[in-house]
Ligand code: AMP
């Protein structure tokens, strides 16, 4: 499953992405996180991004597109991913379409978390206070001034993506003002409706398959990694089989019911027609 989470800063994209990762065993690709890591490591990309990020501006499209393209190619992204904070501009969305086409990958859905802007400032202030309480380092761009600038750049450069994906019939909008678990449930329902995830059994086995594969990572030295991967994928297969079986059974029962009704109709018809004849005859 490949999805995009769209929403202004403070809308809960990061929180929801983490919950979806746990549920479906896919990875979260956050350009913000990757850029912060690059800044911390002092890489050339980090050096380019540092000032821009601190002021609340957007890092050049080609930089983030390059990062995402490389990241999608990593083995852990094969099972699917959630893009969080990317794309942020229409050219980035076009570049993503191109690179997914080249990689023969399909985007399942774009989930927009719609929030009340006046609540965003409160949310960010709460988040900062909680981080300070936990003794965690607070992001340099998590100040009311920088947030105002980030919101402005969201409105002018990212919001057009709502139209972009809505035109391509990819957009689902969810009320991001609900409680965290309600938002998660609404996203799950939406993914089910779109056919991006299969009912419960699959969601559970996918979630299991993720960590299970990770747990098997130390066996990388094993001579038969393909076999191990197949083994890890087995529960998903059996779940699929079960769904297929259930579908077949439902189809069979439906067929039987149709046959029965048809037989009944024929019987009724054959019973009715002589009656009509006798009535007509009696009239004559
Ligand atoms: P985030 O953690 O998603 O709020 O991102 C933090 C900062 O990283 C943003 O304010 C931008 O400066 C930069 N950034 C993250 N993602 C992108 C992107 N897709 N395009 C441009 N800049 C980005």
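So if each residue of separation counts as 0.36 nm, and I subtract the Cα-Cα distance between residue 101 and residue 116, what length gain in nm does that give?
Separation in residues times 0.36 nm, less the Cα-Cα distance, equals 1.9 nm.
Provide 178, 34 in ascending order of the number of other Cβ atoms located within 10 Å of each residue's Cβ, fewest first.
Result, fewest neighbours first: 178, 34.
Could you give me the percent of Cα pairs per 5 Å distance bin for the range 24-90, shortest bin first, beginning at zero and ending with the bin that holds the maximum distance?
Using 5 Å bins, I get a P(r) of 3, 17, 28, 25, 15, 8, 3, 0 for the range 24-90.
Based on a Kirkwood Rh over C-alpha pairs, give the Stokes-Einstein translational diffusion coefficient of the range 11-141 at 20 °C and viscosity 1.002 mPa s in µm²/s.
132
So between residue 193 and residue 142, what do we pick up on full extension, going 0.36 nm a residue minus the alpha carbon distance?
14.8 nm
Residue separation times 0.36 nm, minus the C-alpha to C-alpha distance between residue 156 and residue 70: what's the value?
Additional length available on full extension: 28.2 nm.
Mind giving me the nanometre distance, one decimal, between the label points for residue 149 and residue 169, set 7 Å out from Cα along Cα→Cβ?
4.2
All of the numbers you see were taken from the coordinates with simple rules; none came from a lab. Values in this document were obtained by computation on a predicted structure and should not be read as measured data. No Cβ is skipped: glycine too gets one built from the backbone with ideal geometry, and neighbour counts run over all protein chains shown.
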